[in-house]
Amino acid sequence: MTQKQLRQMLQKYLMASYCYYLRYQSVMPDSEYDAMAKTLLKHWDEFQHQHKHLVDKEDLAAGTLFKMKFEDYPLMVISAAEMWLENTHSMDY
């Protein structure tokens, strides 16, 4: 995977976590979320991202960001996640 793909994947992982844990709406199947966590963990040392400090290897190994509170999420992630929710109309998975 390229660094760009990994950065985009981390952003998507953060957005999906926000939607699921704080808005109680799933935007993807659990299997896709779990696969992203495994991929990010496998390539963790191969890319940089401005929000990488919010996630650690233990989170990815566990496949959850349940620990994060609303105030932990950057406004950019929240805004993008809210737009994603509007566009998906809270699809059921």
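The values are calculated or read from the model by the stated rules, or taken from the named source; none is laboratory data. All values reported here derive from a predicted model rather than from experimental measurement. Cβ: placed from backbone, ideal geometry, glycine included. Neighbour counts: every protein chain shown. These area figures cover heavy atoms from the full protein model, side chains too; ligands, DNA and RNA do not enter into them. Shrake-Rupley method; radii C 1.70, N 1.55, O 1.52, S 1.80 Å.
Scanning region 62-81 for residues that are open to solvent by less than 60 Å² (accessible area, probe 1.4 Å), within 13 Å of the chain's Cα centre (by Cα) and not aromatic (F, W, Y) yields G63, T64, L65, M68, P74, V77, I78, A80, A81.
If you check D45, D59, which single one turns out to be closer than 22 Å to Q3 by Cβ, in a helix (DSSP H, G or I), open to solvent by 80 Å² or more (accessible area, probe 1.4 Å) and not basic (K, R)?
On the way: D59 fails: open to solvent by 80 Å² or more (accessible area, probe 1.4 Å).
D45 is the lone residue from the list that is closer than 22 Å to Q3 by Cβ, in a helix (DSSP H, G or I), open to solvent by 80 Å² or more (accessible area, probe 1.4 Å) and not basic (K, R).
The rows are residues; the columns are (1) under 24 Å from K4 (Cβ atoms); (2) in contact with a helix residue (DSSP H, G or I) (Cβ under 7 Å, 6 or more places away or on another chain); (3) hydroxyl-bearing (S, T, Y); (4) not in a loop (DSSP other than H, G, I, E, B).
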site: M15; (1), (2), (3), (4): yes, yes, no, yes
site: Y21; (1), (2), (3), (4): no, no, yes, yes
site: Q25; (1), (2), (3), (4): no, yes, no, no
site: S31; (1), (2), (3), (4): yes, no, yes, yes
site: K38; (1), (2), (3), (4): yes, no, no, yes
site: Q50; (1), (2), (3), (4): yes, no, no, no
site: I78; (1), (2), (3), (4): yes, yes, no, yes
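When region 82-93 is filtered for residues that are outside any loop (DSSP other than H, G, I, E, B) and either more than 18 Å from L22 (Cα to Cα) or open to solvent by 30 Å² or more (accessible area, probe 1.4 Å) (or both), the ones remaining, listed by number, are E82, M83, W84, E86, N87.
Scan region 23-32 and tell me whether some residue there is of a type in the set (F, W, Y), out of contact with any strand residue (DSSP E or B) (no Cβ under 6 Å at 6 or more places or on another chain) and open to solvent by 90 Å² or more (accessible area, probe 1.4 Å). Please lay out each step first, then the result.
Pass one, region 23-32, residues of a type in the set (F, W, Y): 24.
Then drop every residue that is not out of contact with any strand residue (DSSP E or B) (no Cβ under 6 Å at 6 or more places or on another chain), which leaves 24.
Checking which are open to solvent by 90 Å² or more (accessible area, probe 1.4 Å) leaves us with 24.
Yes, the conditions are met somewhere in region 23-32.
Looking across region 1-22, the residues that are more than 12 Å from the chain's Cα centre (by Cα) and open to solvent by 80 Å² or more (accessible area, probe 1.4 Å) come down to M1, Q3, K4, Q5.
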